[in-house]
1. Which one of these is in contact (Cβ under 8 Å) with a residue 40 or more places away in the chain and closer than 27 Å to VAL42 by Cβ: THR114, THR140, THR98?
2. Which residues, taken from region 29-42, are out of contact with any strand residue (DSSP E or B) (no Cβ under 9 Å at 6 or more places or on another chain) and open to solvent by less than 70 Å² (accessible area, probe 1.4 Å)?
3. Quick one: in region 67-88, of everything that is hydrophobic (A, V, I, L, M, F, W, C) and at pLDDT 95 or above, which residue is farthest from GLU3 (Cα to Cα)?
4. Considering (1) surrounded by 14 or more Cβ atoms within 10 Å (Cβ to Cβ); (2) touching a strand residue (DSSP E or B) at 6+ places or on another chain (Cβ under 6 Å), say which one MET95 fails and leave the rest.
5. Just give me the residues in region 98-114 being open to solvent by less than 50 Å² (accessible area, probe 1.4 Å) and either of a type outside the set (Val, Ile, Thr) or within 16 Å of the chain's Cα centre (by Cα) (or both), in sequence order.
6. Under the condition of being within 17 Å of the chain's Cα centre (by Cα) and exposed (fewer than 11 other Cβ atoms within 10 Å of the Cβ), which residue from region 6-28 is nearest to LEU79 (Cα to Cα)?
7. Go through region 120-150 and report how many residues are touching a Leu at 6+ places or on another chain (Cβ under 9 Å), closer than 16 Å to LEU81 by Cβ and either open to solvent by 70 Å² or more (accessible area, probe 1.4 Å) or not hydrophobic (A, V, I, L, M, F, W, C) (or both).
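The values are calculated or read from the model by the stated rules, or taken from the named source; none is laboratory data. A quick note: this is a predicted structure, and the numbers were derived from the prediction, not measured. All Cβ positions, even for glycine, are placed from backbone atoms using ideal geometry, and neighbour counts span all protein chains on display. Heads up: the accessible areas ignore ligands, DNA and RNA and are worked out on the full protein's heavy atoms, side chains in. Shrake-Rupley method; radii C 1.70, N 1.55, O 1.52, S 1.80 Å.
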Amino acid sequence: MVENKFGVLTRIAGLFSGRGYNIDTLNVGPTHDPNTSRMTIVTRGDDATLEQIVQQLKKLVDVLDVLDFREGEYVDRELVLVKVSVDSKSRAEVMQITDIFRAKIVDVQPATLTIEITGDESKTEKFLQLMKTFGVVELTRTGKVALPRK
């Protein structure tokens with residue numbers, strides 16, 4: 001949780017880049033309190049590196065709280081928009097797979113379908129693997145958002 005102020009994102013990104021840490025995904029959005037935003041940052045490293053990142057984030061002035069989701073239960077989701085190449089033969093199959101995954105077709109064009117899917121990493125990855133066989137034209141992802149279960 002961070003204060004919803006100008007420059008907070010820059011300072012946090014600077015902490016990562018200045019120490020050579022990579023951010024795999026980053027998602028920022030306001031909370032129910034207009035003065036705070038929730039940042040969900042996915043990064044990789046051994047336990048010592050991740051603990052160091054957590055401790056350094058806690059020291060930043062505009063950071064209100066840091067939750068480490070390596071421990072404890074949490075709920076996470078990601079939104080993916082994927083544009084898939086289709087023809088008259090493959091359109092029905094893509095639509096059927098989309099329905100099985102409870103995804104939504106959000107745009108229909110003569111040669112493509114744009115599909116919205118939300119879920120955990122496993123679900124979205126499996127869906128994208130299946131769509132690769134038809135031809136992924138374009139893809140965008142939000143990155144993970146997460147909340148603790150407790």
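1. On the way: THR114 fails: in contact (Cβ under 8 Å) with a residue 40 or more places away in the chain; THR98 fails: in contact (Cβ under 8 Å) with a residue 40 or more places away in the chain.
Among THR114, THR140, THR98, only THR140 is in contact (Cβ under 8 Å) with a residue 40 or more places away in the chain and closer than 27 Å to VAL42 by Cβ.
2. First, the residues of region 29-42 that are out of contact with any strand residue (DSSP E or B) (no Cβ under 9 Å at 6 or more places or on another chain): 32-34.
Of everything in region 29-42, just one residue is out of contact with any strand residue (DSSP E or B) (no Cβ under 9 Å at 6 or more places or on another chain) and open to solvent by less than 70 Å² (accessible area, probe 1.4 Å), namely ASP33.
3. From region 67-88, those hydrophobic (A, V, I, L, M, F, W, C) are 67, 69, 75, 79-82, 84, 86; that's our starting set.
From the residues that got through so far, the ones that are at pLDDT 95 or above too are 79-82, 84, 86.
Details: LEU79: 25, VAL80: 27, LEU81: 29, VAL82: 33, VAL84: 39, VAL86: 45 Å.
Filtering region 67-88 for residues that are hydrophobic (A, V, I, L, M, F, W, C) and at pLDDT 95 or above, the one farthest from GLU3 (Cα to Cα) comes out as VAL86.
4. Tallying (1) surrounded by 14 or more Cβ atoms within 10 Å (Cβ to Cβ); (2) touching a strand residue (DSSP E or B) at 6+ places or on another chain (Cβ under 6 Å), MET95 fails exactly one: (2).
5. Initially, region 98-114 is screened for residues open to solvent by less than 50 Å² (accessible area, probe 1.4 Å), giving 98, 101, 103, 112-114.
If the condition is that a residue be open to solvent by less than 50 Å² (accessible area, probe 1.4 Å) and either of a type outside the set (Val, Ile, Thr) or within 16 Å of the chain's Cα centre (by Cα) (or both), then PHE101, ALA103, LEU113 are the ones that fit.
6. Our first condition is that a residue be within 17 Å of the chain's Cα centre (by Cα); within region 6-28, this holds for 9, 13, 22-28.
Right, trim to exposed (fewer than 11 other Cβ atoms within 10 Å of the Cβ) and you get 22, 24.
Details: ASN22: 21, ASP24: 15 Å.
Restricting to residues being within 17 Å of the chain's Cα centre (by Cα) and exposed (fewer than 11 other Cβ atoms within 10 Å of the Cβ), the top hit is ASP24.
7. Going through region 120-150 one residue at a time, the tally reaches 7.
Let's see how each residue does on (1) of a type in the set (Gly, Ala, Ser); (2) closer than 25 Å to VAL28 by Cα:
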site	(1), (2)
GLU71	no, yes
VAL82	no, yes
VAL94	no, no
ALA111	yes, no
ILE117	no, yes
MET131	no, no
GLY135	yes, no
